[in-house]
Number of protein chains: 2
Amino acid sequence: MLKNYLLTPGPTPIPPRVLETMARPIIHHRTPEFQRIIQEVEEDLKYVYQTKNEVLIFTASGTGAMEGAITNLLSLGDKALVVRGGKFGERFGEICQAYGIEFVALDVEWGKTVDPKKIDDILKKDKKIKAVYTTLCETSTGVATDIEAIGRVLKNYEAALVVDAISGLAAIPIKTDEWGADVVVSGSQKGLMIPPGLAFVSVSPKAWQMIEKSTLPKYYFDFKAYKKALGKTDTPFTPAVNLMIALREALKIIKEEGLDVIFERHKKMAFAVRGAVKVMGLELFSPDAYSDGVTAVKVPQGIDGEKLVKIMRDKYGVGIAGGQDELKGKIFRIATMGYITATDLIVCIATLETVLSEMGYKFQLGSGVGALEETLK
Amino acid sequence: MLKNYLLTPGPTPIPPRVLETMARPIIHHRTPEFQRIIQEVEEDLKYVYQTKNEVLIFTASGTGAMEGAITNLLSLGDKALVVRGGKFGERFGEICQAYGIEFVALDVEWGKTVDPKKIDDILKKDKKIKAVYTTLCETSTGVATDIEAIGRVLKNYEAALVVDAISGLAAIPIKTDEWGADVVVSGSQKGLMIPPGLAFVSVSPKAWQMIEKSTLPKYYFDFKAYKKALGKTDTPFTPAVNLMIALREALKIIKEEGLDVIFERHKKMAFAVRGAVKVMGLELFSPDAYSDGVTAVKVPQGIDGEKLVKIMRDKYGVGIAGGQDELKGKIFRIATMGYITATDLIVCIATLETVLSEMGYKFQLGSGVGALEETLK
């Protein structure tokens, strides 16, 4: 008999209150009942986004909304600046390429964070750049970007600030309006604690002006169609009805706990995880610029990182994430967001200890859990 | 106390066995467990599609896959032929327009079916047409198109045959390979009996050849990326995990009953509904070319059609669909597909009788239900 624990940075575990809503008989989406759900979800998303801007909802993975953030803002001939410091930063570049948008790539070593001054330098030189594409939390490395500082730089330019906050929203602070983020993209299966299948964007008045002029082709992700439907508490296309109902419940839970309390909890848990792995003699992948939603740890010398993740999952039921692309086998990642609690972390670190020990890594059994208890108490 | 019944042509009711799967704790998508689910779902979709072609799965509404059927097959300068006989036929035209694709519109009066000879005539004259876009079941009017006959016409041409089978798949027959349908688009919330949020396309070898040459921009709906992932039992972007698990269960139910038995059941139910409303003195919107998945009925003179649908829903808990766009208030639609049974139809027709009578329409109470019983016995 195995009990399963999920500590991956998306999908994250779903609270029972939310799971239960998805087993209810489905309702039709063109009804007053569903209109009220749309309205509630839109309002509560603004709370999580810390914004007065419209928040649009798509039936898609986060990548669909990332594509929309390019096709709706830009026109052929426009240039973009893409900050690439991991798998998801690179994705913005790939989308630009697919749509024939020339972009300046600001490459940051995986595990490091971007220096906002470099963005300033590029924008100073290149007036054709219409938008800067960044990532709040790079899920592949666990690095958080200082969006506030980038926002300050962008105040001096015409360019719009686009933030991929897919694994950041509701995990760590994103002050959309205060920091001047024009378009913030997110997804449902991370801090929002529901299954994957919904994607979101907030759109500032400045971004709407760009959207009015944009000539890149789009249909399913056409922001204007979604804006038009907002006023009618409608959706342009059939929405993912039961995910919307799940989202309403998850947002209620978030509001009940309160954003600031949630961020503090995530911070404390992330701090505890980092302390625990360090006591075990492990090294953080990026000690300086962590998101409190996910921590990446270097796999120690001589240990097979992919095997470590597999044994934890298959033999002990504990799901953590391995490294992606160039980090495959080199790191593992532990999420500390949403419906992941202190007790999950205890099971996770204890299992990590057990498996590392089985694999021949030398350290004091119980030392990680001890450190965790110390920090979390 | 009200008990709710849903007889709308999407979303359709979800069997309890399927609902239950969505309340289970979520699993991660990059695991052997989820790989087996992908594999099973892909295989079973081929059964429902009656095809050996690849079937790709998107996290999106059906419209997303419709967009993909244009952006993946065509290139700037190509022409399309779009058969428009309702709201959803028109959508293909709108997508062509959004992507700068010139198209010949073959307009069919709403409620009528297209004459395949007209397609032949157009293709004969215009060699630049690379693809014909049609609708298996036009949900807005309930009309079914003779895809088999169109397929025969297209055998003499290079043009690909694209079929929107969103509300047709698993509701009425679509013999993808036998009829020569190159791309068949579908969605999850109709005959497949799960919530909206997944979209599908089957792709023939001939369509793959066109896709290789296509230059229209795409990223999230890039068929080639999904094909590449198929071989690895993977998805290019985070899939809608719990909808995939629900789909696996729904496909099991479909296989247990058997496609042919399902089609017979739908046919019998649709026939019964049509008989019942005729006995009540009502008129079918299109008597000749009905899909067995949905029946559109004209609202009788002097009755407010929108009010009829509202009273049935709000006072009696019975959800049927009204008319859309130009048919608003003029028709109502009753679905007979998926997890809609004879007992649902009895409640639906009895409620329709009650409400029509309340609204002043003159007929023999019980006559519709009597006719229904007679046909369904």
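The values are calculated or read from the model by the stated rules, or taken from the named source; none is laboratory data. What you are looking at is a predicted structure, and each value in this text was computed from that prediction instead of being measured. Every residue, glycine as well, gets a Cβ built from its backbone with ideal geometry; the counts of neighbours run over all protein chains shown.
Matching residues to (1) in contact with a helix residue (DSSP H, G or I) (Cβ under 7 Å, 6 or more places away or on another chain); (2) hydrophobic (A, V, I, L, M, F, W, C):
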| residue | (1), (2) |
| --- | --- |
| A:Ala144 | no, yes |
| A:Val153 | yes, yes |
| A:Ile172 | yes, yes |
| A:Pro196 | yes, no |
| A:Lys206 | no, no |
| A:Ile211 | yes, yes |
| A:Pro239 | no, no |
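Which one of these is surrounded by 19 or more Cβ atoms within 10 Å (Cβ to Cβ) and part of a helix (DSSP H, G or I): A:Val273, A:Val261, A:Val185, A:Val201?
Details: A:Val261 fails: surrounded by 19 or more Cβ atoms within 10 Å (Cβ to Cβ); A:Val185 fails: part of a helix (DSSP H, G or I); A:Val201 fails: part of a helix (DSSP H, G or I).
Among A:Val273, A:Val261, A:Val185, A:Val201, only A:Val273 is surrounded by 19 or more Cβ atoms within 10 Å (Cβ to Cβ) and part of a helix (DSSP H, G or I).
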So which residues in the range B:141-192 are of a type in the set (Lys, Arg) and under 14 Å from the mean Cα position of the chain (by Cα)? B:Lys190
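Checking the condition surrounded by 21 or more Cβ atoms within 10 Å (Cβ to Cβ), among the small types (Gly, Ala, Ser) and more than 16 Å from A:Ala250 (Cα to Cα), which residue from A:Gly62, A:Gly77 passes?
Numbers: A:Gly77 fails: surrounded by 21 or more Cβ atoms within 10 Å (Cβ to Cβ).
Exactly one of A:Gly62, A:Gly77 is surrounded by 21 or more Cβ atoms within 10 Å (Cβ to Cβ), among the small types (Gly, Ala, Ser) and more than 16 Å from A:Ala250 (Cα to Cα), namely A:Gly62.
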Odd one out for B:Tyr219, checked against (1) hydroxyl-bearing (Ser, Thr, Tyr); (2) over 18 Å from B:Ser291 (Cβ atoms); (3) touching a residue at least 60 places away in the same chain (Cβ under 8 Å): (3)
Could you identify the single residue in B:Lys175, B:Lys190, B:Lys87, B:Lys127 that is basic (Lys, Arg) and without any contact (Cβ under 8 Å) to a residue 60 or more places away in the chain? B:Lys127
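Could you tell me whether B:Gly258 is in contact (Cβ under 8 Å) with a residue 24 or more places away in the chain and away from every other protein chain (no Cβ under 14 Å)? Don't jump to the end; show me each part of the working.
Working: in contact (Cβ under 8 Å) with a residue 24 or more places away in the chain: no; away from every other protein chain (no Cβ under 14 Å): yes.
No.
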Are any residues in the range A:91-118 surrounded by fewer than 21 Cβ atoms within 10 Å (Cβ to Cβ) and either assigned to a helix (DSSP H, G or I) or in contact with a His (Cβ under 8 Å, 6 or more places away or on another chain) (or both), and if so, which ones? A:Gly93, A:Glu94, A:Gln97, A:Ala98, A:Pro116, A:Lys117, A:Lys118
Selection count, the range B:298-323, where residues are touching a residue at least 40 places away in the same chain (Cβ under 8 Å), closer than 15 Å to B:Tyr361 by Cα and of a type in the set (Gly, Ala, Ser): 1
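Could you tell me whether A:Glu374 is under 20 Å from A:Gly305 (Cβ atoms), in contact with a Gly (Cβ under 9 Å, 6 or more places away or on another chain), of a type outside the set (Val, Ile, Thr) and in contact (Cβ under 8 Å) with a residue 60 or more places away in the chain?
On the way: under 20 Å from A:Gly305 (Cβ atoms): no; in contact with a Gly (Cβ under 9 Å, 6 or more places away or on another chain): yes; of a type outside the set (Val, Ile, Thr): yes; in contact (Cβ under 8 Å) with a residue 60 or more places away in the chain: yes.
Spelling it out, it is not the case that A:Glu374 is under 20 Å from A:Gly305 (Cβ atoms), in contact with a Gly (Cβ under 9 Å, 6 or more places away or on another chain), of a type outside the set (Val, Ile, Thr) and in contact (Cβ under 8 Å) with a residue 60 or more places away in the chain.
Return the residues of the range B:101-119 that are within 25 Å of the chain's Cα centre (by Cα) and either more than 23 Å from B:Thr295 (Cα to Cα) or in contact (Cβ under 8 Å) with a residue 60 or more places away in the chain (or both); say none if nothing qualifies.
First pass over the range B:101-119, keeping only residues within 25 Å of the chain's Cα centre (by Cα): B:101, B:103-119.
Scanning the range B:101-119 gives B:Ile101, B:Phe103, B:Val104, B:Ala105, B:Leu106, B:Trp110, B:Gly111, B:Lys112, B:Thr113, B:Lys117, B:Lys118, B:Ile119.
Taking the conditions exactly as written (in a helix (DSSP H, G or I), over 30 Å from A:Cys348 (Cα atoms) and within 14 Å of chain B (Cβ to nearest Cβ)), does A:Tyr226 satisfy them or not? I'd like the intermediate steps shown before the answer.
Numbers: in a helix (DSSP H, G or I): yes; over 30 Å from A:Cys348 (Cα atoms): yes; within 14 Å of chain B (Cβ to nearest Cβ): yes.
It is true that A:Tyr226 is in a helix (DSSP H, G or I), over 30 Å from A:Cys348 (Cα atoms) and within 14 Å of chain B (Cβ to nearest Cβ).
If a residue counts only when it is more than 8 Å from chain B (Cβ to nearest Cβ) and under 26 Å from A:Phe223 (Cβ atoms), which helices (runs of 4 or more DSSP H) contained entirely in the range A:1-88 have at least 1 such residues? First the steps, then the outcome.
On the way: elements: A:16-22, A:32-49, A:62-71.
Hits in the range A:1-88: A:32-49, A:62-71.
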Give me a count of the residues in the range A:252-308 that are outside the structural domain of A:Glu358 (by TED's automatic domain parsing) and modelled with pLDDT under 95. 0
Could you please find all residues in the range A:276-296 being without any contact (Cβ under 8 Å) to a residue 60 or more places away in the chain and buried (at least 24 other Cβ atoms within 10 Å of the Cβ)? none
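Of these, B:Asp292, B:Asp234, which one is under 30 Å from B:Gly323 (Cβ atoms) and assigned to a loop (DSSP other than H, G, I, E, B)?
On the way: B:Asp234 fails: under 30 Å from B:Gly323 (Cβ atoms).
Sole residue among the options that is under 30 Å from B:Gly323 (Cβ atoms) and assigned to a loop (DSSP other than H, G, I, E, B): B:Asp292.
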Since A:Lys232 meets every condition but one in (1) more than 10 Å from chain B (Cβ to nearest Cβ); (2) touching a residue at least 12 places away in the same chain (Cβ under 8 Å), which condition does it not meet? (2)
